[in-house]
1. Does region 90-126 hold any residues that are more than 16 Å from Ala65 (Cα to Cα), within 19 Å of the chain's Cα centre (by Cα) and either in a helix (DSSP H, G or I) or among the β-branched types (Val, Ile, Thr) (or both), and which are they?
2. Hey, can you tell me all the residues within region 259-285 that are in a loop (DSSP other than H, G, I, E, B) and out of contact with any Asp or Glu (no Cβ under 9 Å at 6 or more places or on another chain)?
3. Among the residues of region 268-286, which ones are surrounded by fewer than 16 Cβ atoms within 10 Å (Cβ to Cβ) and either at pLDDT below 85 or hydrophobic (A, V, I, L, M, F, W, C) (or both)?
4. Being at pLDDT 95 or above and assigned by TED's automatic domain parsing to the domain that holds Gly147 narrows it down to one of Val14, Val66, Val52, so name that one.
5. Does Cys305 satisfy the criteria of being outside any strand (DSSP E or B) and under 19 Å from the mean Cα position of the chain (by Cα)?
Amino acid sequence: MYSKCGSIEDAQFVFDNMPEKTTNVISWNALIGGYGNHGRGIEAVELFERMVHEGMMPNHVTFLAVLSACRYSGLSDYGWELFESMSRDYKVKPRAMHYACMIELLGREGLLDEAFVLIRDAPFRPTINMWAALLTACRVHKNFELGKFAAEKLYGMEPEKLSNYVMLLNIYNSSGKQDEAEIKKQPHVFLSGDKCHVQTKEIYEKVDDLMLEISKYGYVTGGKTLLPDVDEQEQKSPHYHSEKLAISFGLISTSSSTSLQLVQSHRICNNCHNAIKLIAMITKREIVIRDASRFHRFKNGTCSCGDYW
């Protein structure tokens, strides 16, 4: 309690005067964690070593506390040594939270390759926290390729989380790759029925081709499936809704391996949602759209929202 209130010295005093501390691992863990949270990693490490010297057996919480202390204080060498000793010396099997802590520790020191190897060689499926720690480190150290890889892993695990997309965009920008974050360095805006774009003819032809192709899979253009809160402009031209125009432009402007990412101000109507699932399927593209409700990640004929938005 004292350490959480900012008084680590009082916490140490209470700990030193506890008669049962030699048998209470919880107290040791709390104080080690307190030193770590106060940025006093050296003292946390010293307390851990004292704990072991006095015959206390550390548990998985102990290791998380001392690894976190190493992370906050940049003690990468000691942290790595401690991580390797968990199974070898203390018979404590590292869990995902210990891996995530080590990945962040290595990432803070710029050891991104080592952090990636730790993820790759983990004896279990890497968790969201592990990939997120690597993505954060890639943003700090401007490692574009590895950051993109980590972000793609996160997209598959939590497609609704906006911060992952924002962080990848920051990596693009800080790495001087803004041209890859937009199409030909230009943001493109479309309205339903829009005919102001310089490539209007090609875009509309692509829309028509797509509508014809997905009709073979049962798609029917119709206004009855519109959501009640879509704007009036959207209701007038369901065949050429802004989403369809934007996707068609993206398809004719990028390579076949490029995923498309769009942002719009209103909710996707049912008609477009059904169409985009089929478009993603026939083009073998991943299409990510942020609408007024949530993120939609279309891939292989399905959407991450589970058709509920």
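The values are calculated or read from the model by the stated rules, or taken from the named source; none is laboratory data. Keep in mind the model is a prediction, meaning the values are calculated, not measured. Methodologically, a virtual Cβ is constructed for each residue, glycine included, from the backbone with ideal geometry; neighbour enumeration extends over all protein chains shown.
1. Scanning region 90-126 gives Leu106, Gly107, Arg108, Leu112, Asp113, Ala115, Phe116, Val117, Leu118, Ile119, Arg120.
2. Our first condition is that a residue be in a loop (DSSP other than H, G, I, E, B); within region 259-285, this holds for 259, 264-269, 284-285.
Listed by number, the residues that qualify are Lys284, Arg285.
3. Ile282
4. Checking each option against the conditions leaves just Val66.
5. On the way: outside any strand (DSSP E or B): yes; under 19 Å from the mean Cα position of the chain (by Cα): yes.
When the stated conditions are applied, Cys305 passes them.
Results for (1) in contact with a Phe, Trp or Tyr (Cβ under 8 Å, 6 or more places away or on another chain); (2) surrounded by fewer than 14 Cβ atoms within 10 Å (Cβ to Cβ); (3) modelled with pLDDT of 85 or more, shown as yes or no for each residue.
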| position | (1), (2), (3) |
| --- | --- |
| Cys196 | no, yes, no |
| Lys216 | no, yes, yes |
| Lys236 | no, yes, no |
| His266 | no, no, no |
| Val288 | yes, no, yes |
| Asp291 | yes, no, no |
